[in-house]
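A.B. asks: Quick one: the structure is below, and I'll ask about it shortly.
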Amino acid sequence: MNKTVNGVLCAGVLFLSLAASVEAVPITEQSLIHVRQAETTFSSAFLLDNFTTTDSSVSHALDTTSGFDSAIQGRASLITGETGTSAITSTNDPNIRAASSVVTLFDTLTFTPDTSLPILPAAIPIAYGLGFDGSLANTNPFGASTASTIVTLYDITGLTTWLTQTVLDPAYPTDVYIFSDAPVVSTLGINLFVGAQSIIDSSPILNDFDQAIGNTDGSVFDFNLNKTETFLADPSKTYGISIQTSSVASGLDSFSDFINTSAFNFTNLNGATFASGSGTFLTAAVSEPSVLALLGIGMIGLMAHRRSRS
C-alpha cells in the first residue's frame, strides 16, 4: 500500500508533525505498552504494525509475509522494566529503504518514605539507572542506523488522564502516536548513531547523541552504555513514567539490534518504597548489573569488525 507519513526521518529519528493530525484523544488507562513497527521502500510502499496492549509484557515481530524483506522486532515488560527493539534489512530486496521499531511502556508511580525515620522527609532522593547495549551497522551512503532509549518521569498529580493518543495521518487511523503533556520531572536517554559522516557534520541534533560514528561500509559496531540520574520524589504526588526504545536500519543489509538490552531500575530508593498503577512494575528482578555498572561508571564498549557473510 502507498502511504505518506506525517513526519520526517532524519538521522534515524522520527520527528512528528502533529499539526495535520486528527484531534487528540485522552487515554483512560494508566499503564500500557505501545508498539509501532514500520518498513518503507523506494516505491513508497509502507508496511505498518501499530498497537497498544494493557498486558504487562509483550514480545512481537512484524509480519513480513507481504513481500517485505526485513526482520523487525520489539519487546517490553512492565514486570522487569526492560524494553528492546531490532530492525534489520536484507540484500534480498534492493527496494528496501528503511525499517524501524519503537516500543514504549507507560505506568504510574507513587513513593512512600521510610516510616522508621523520626521525621518524614518532604522529598526523597530517588536514583535510577538505564542500561543499553547492542550493535549497529549501516550501508547507506546517505543514511544511518540508530538506536535510542529514554526514560521520562512526569508529575501527573491530580490528573484524571495523563496519556493522549493522536492519529498521525487521518487517512490511516491505525497509525497512532501516544504522548503525555504532563510536566516533566526528570529524563535520561542514550542515543547511538552509525551513518554517513555528512549527516554528523551537518546535523545539530547529533550533539545530543552519546556516540555518533561515520561509517557506511557495513562494519558492525558494538555498544554498551550505562547512565544514572536522580530526582526528588514528593510522597504526596503521583508520577507517570515512560520508557521508550527505538531502532532504525537504513540501506541494504543494515541493522540496529538492541532487542535484549535496554533495562531500567531504581539504583537507590533511600529507604523509600514505591507502588505502580499496574501493580507489576519492577516486580521481577532483572539480570545482575556488570561490575562497571555497580561502580556507577558509564562506558561505551566500542568495537568495529567486518560482518561475516554466508
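A.B. asks: Got at least one residue in the stretch 285-294 being part of a loop (DSSP other than H, G, I, E, B), of a type in the set (Ser, Thr, Tyr) and either at pLDDT below 95 or on the phi > 0 side of the Ramachandran plot (or both)?
C.D. replies: Just the residues of the stretch 285-294 that are part of a loop (DSSP other than H, G, I, E, B), to begin with: 285-290.
Checking which are of a type in the set (Ser, Thr, Tyr) leaves us with 287, 290.
From what is left, the residues that are either at pLDDT below 95 or on the phi > 0 side of the Ramachandran plot (or both) are 287, 290.
Yes, the stretch 285-294 has at least one match.
A.B. asks: Something else now. If you scan the stretch 98-128, which residues turn out to be closer than 29 Å to Gly251 by Cα and either surrounded by fewer than 19 Cβ atoms within 10 Å (Cβ to Cβ) or among the hydrophobic types (A, V, I, L, M, F, W, C) (or both)?
C.D. replies: Initially, the stretch 98-128 is screened for residues closer than 29 Å to Gly251 by Cα, giving 98-105.
Matches in the stretch 98-128: Ala98, Ala99, Val102, Val103, Leu105.
A.B. asks: Sort through Thr245, Thr261 and tell me the only one that's polar (S, T, N, Q) and at pLDDT 95 or above. Spell out the reasoning first.
C.D. replies: Values: Thr261 fails: at pLDDT 95 or above.
Step by step, each of Thr245, Thr261 is checked, and only Thr245 is polar (S, T, N, Q) and at pLDDT 95 or above.
A.B. asks: Would the stretch 78-85 turn up any residue that is of a type in the set (Gly, Ala, Ser) and surrounded by fewer than 21 Cβ atoms within 10 Å (Cβ to Cβ)? If you could, list the steps in order and put the result at the bottom.
C.D. replies: Step one: filter the stretch 78-85 for residues of a type in the set (Gly, Ala, Ser), giving 81, 84.
Remaining after also requiring surrounded by fewer than 21 Cβ atoms within 10 Å (Cβ to Cβ): none.
Scanning the stretch 78-85 turns up no residue that is of a type in the set (Gly, Ala, Ser) and surrounded by fewer than 21 Cβ atoms within 10 Å (Cβ to Cβ).
A.B. asks: Can you name the residue in the stretch 140-177 that is acidic (Asp, Glu) and surrounded by fewer than 19 Cβ atoms within 10 Å (Cβ to Cβ) and is also modelled with the highest pLDDT among such residues? Talk me through it step by step, then tell me what you get.
C.D. replies: Within the stretch 140-177, the subset acidic (Asp, Glu) is 155, 169, 175.
Cutting the leftovers down to surrounded by fewer than 19 Cβ atoms within 10 Å (Cβ to Cβ) gives us 155, 169.
Numbers: Asp155: 99, Asp169: 77.
Among those that are acidic (Asp, Glu) and surrounded by fewer than 19 Cβ atoms within 10 Å (Cβ to Cβ), it is Asp155.
A.B. asks: For the stretch 114-129, check the following and say yes or no: at least one residue is farther than 23 Å from Gln165 by Cα and under 17 Å from the mean Cα position of the chain (by Cα).
C.D. replies: To start, the set of residues in the stretch 114-129 that are farther than 23 Å from Gln165 by Cα comprises 114-129.
Still in the running and under 17 Å from the mean Cα position of the chain (by Cα): 128-129.
Scanning the stretch 114-129 turns up at least one residue that is farther than 23 Å from Gln165 by Cα and under 17 Å from the mean Cα position of the chain (by Cα).
A.B. asks: Only one of (1) at pLDDT below 95; (2) buried (at least 18 other Cβ atoms within 10 Å of the Cβ) is not met by Asn224, so which one is it?
C.D. replies: Checking Asn224 against (1) at pLDDT below 95; (2) buried (at least 18 other Cβ atoms within 10 Å of the Cβ), the one that fails is (1).
A.B. asks: Please enumerate the residues belonging to the stretch 178-193 that are within 15 Å of the chain's Cα centre (by Cα), surrounded by fewer than 20 Cβ atoms within 10 Å (Cβ to Cβ), over 21 Å from Thr54 (Cβ atoms) and not small (Gly, Ala, Ser).
C.D. replies: Passing the criteria: Thr187, Leu188.
A.B. asks: Sort through Gly240, Gly131 and tell me the only one that's crowded, with 19+ Cβ neighbours inside 10 Å, touching a residue at least 40 places away in the same chain (Cβ under 8 Å) and either assigned to a helix (DSSP H, G or I) or touching a helix residue (DSSP H, G or I) at 6+ places or on another chain (Cβ under 9 Å) (or both).
C.D. replies: Values: Gly240 fails: either assigned to a helix (DSSP H, G or I) or touching a helix residue (DSSP H, G or I) at 6+ places or on another chain (Cβ under 9 Å) (or both).
When all the criteria are applied, what remains is Gly131.
A.B. asks: Which one of these is closer than 17 Å to Val176 by Cα and at pLDDT below 90: Phe46, Phe42, Phe106, Phe68? Full working, then the answer.
C.D. replies: Details: Phe42 fails: closer than 17 Å to Val176 by Cα; Phe106 fails: at pLDDT below 90; Phe68 fails: closer than 17 Å to Val176 by Cα.
Of the residues listed, the single one that is closer than 17 Å to Val176 by Cα and at pLDDT below 90 is Phe46.
A.B. asks: Search the stretch 194-204 for residues being among the hydroxyl-bearing types (Ser, Thr, Tyr) and part of a helix (DSSP H, G or I), and hand back the single one that is surrounded by the most Cβ atoms within 10 Å (Cβ to Cβ). Write out each step before concluding.
C.D. replies: Here is the first cut: in the stretch 194-204, the residues among the hydroxyl-bearing types (Ser, Thr, Tyr) are 198, 202-203.
Retained after the next criterion (residues that are part of a helix (DSSP H, G or I)): 198, 202.
Values: Ser198: 12, Ser202: 10.
Applying the filter and picking the extreme gives Ser198.
The values are calculated or read from the model by the stated rules, or taken from the named source; none is laboratory data. Please read these numbers as outputs of a predicted model, since none were measured by experiment. Here Cβ is always computed from backbone atoms with ideal geometry, including for glycine, and neighbour counts include all displayed protein chains.
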